[in-house]
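Written out below as structure tokens is the structure these notes cover.
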Amino acid sequence: MYLHIIILAAAILYFSILPFSAAHALAEHITPQTTSNYCTIPLPDPKQLPKDEKEWFTTFQEGTFYVQGWKEITSEVLGKIQQKSKKDELQRSLTHLGIRIGCEWSKKNDVRKINTDMLEQWGSELQKVAEDNPDKLPMVIADIRQKVFKLVQ
């Protein structure tokens, strides 16, 4: 009887931790054969944006005189990672996340579901975790991606 309880407790623990695992956090790196096992939202193409949205997308990516852009934040975050393979995976995840966020944020204010406050919060969160505990970056990226997916669905 105790064995059944232990097995059940282990299964509950395993499945409650699974969404926070590094493999889940880097779900965009899953092979096409396993893609059907995950909920995916197609990556938008910034080249297809209308002209005014392209300009805002560029502002998001490049930043302004006063505000860091996604590329600079990504560069700072990746600068804290020593292992090349991990850095490459995080680069890809952050690039995809930046495209998703930027395409949504570049829409008109009355339509978009991601606002400037969210950008500031997510950028600060990434920079803080990269500085304090870079091993947690995959989980933070996954958390932000999950929030973005919920917003844009």
Mind checking which residues of segment 71-95 are without any contact (Cβ under 8 Å) to a residue 24 or more places away in the chain and closer than 20 Å to PRO46 by Cβ? GLU72, SER75, GLN91, THR95
Filter segment 81-125 down to the residues that are closer than 18 Å to ASP143 by Cβ and basic (Lys, Arg), then identify the one that is surrounded by the most Cβ atoms within 10 Å (Cβ to Cβ). ARG100
What residue, among those in segment 69-98 that are out of contact with any Asp or Glu (no Cβ under 8 Å at 6 or more places or on another chain), modelled with pLDDT of 90 or more and polar (S, T, N, Q), is nearest to GLN153 (Cα to Cα)? THR95
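The values are calculated or read from the model by the stated rules, or taken from the named source; none is laboratory data. Here the structure is a predicted model, which means the values were calculated and not measured. Virtual Cβ from ideal backbone geometry, glycine too; neighbours counted across all protein chains shown.
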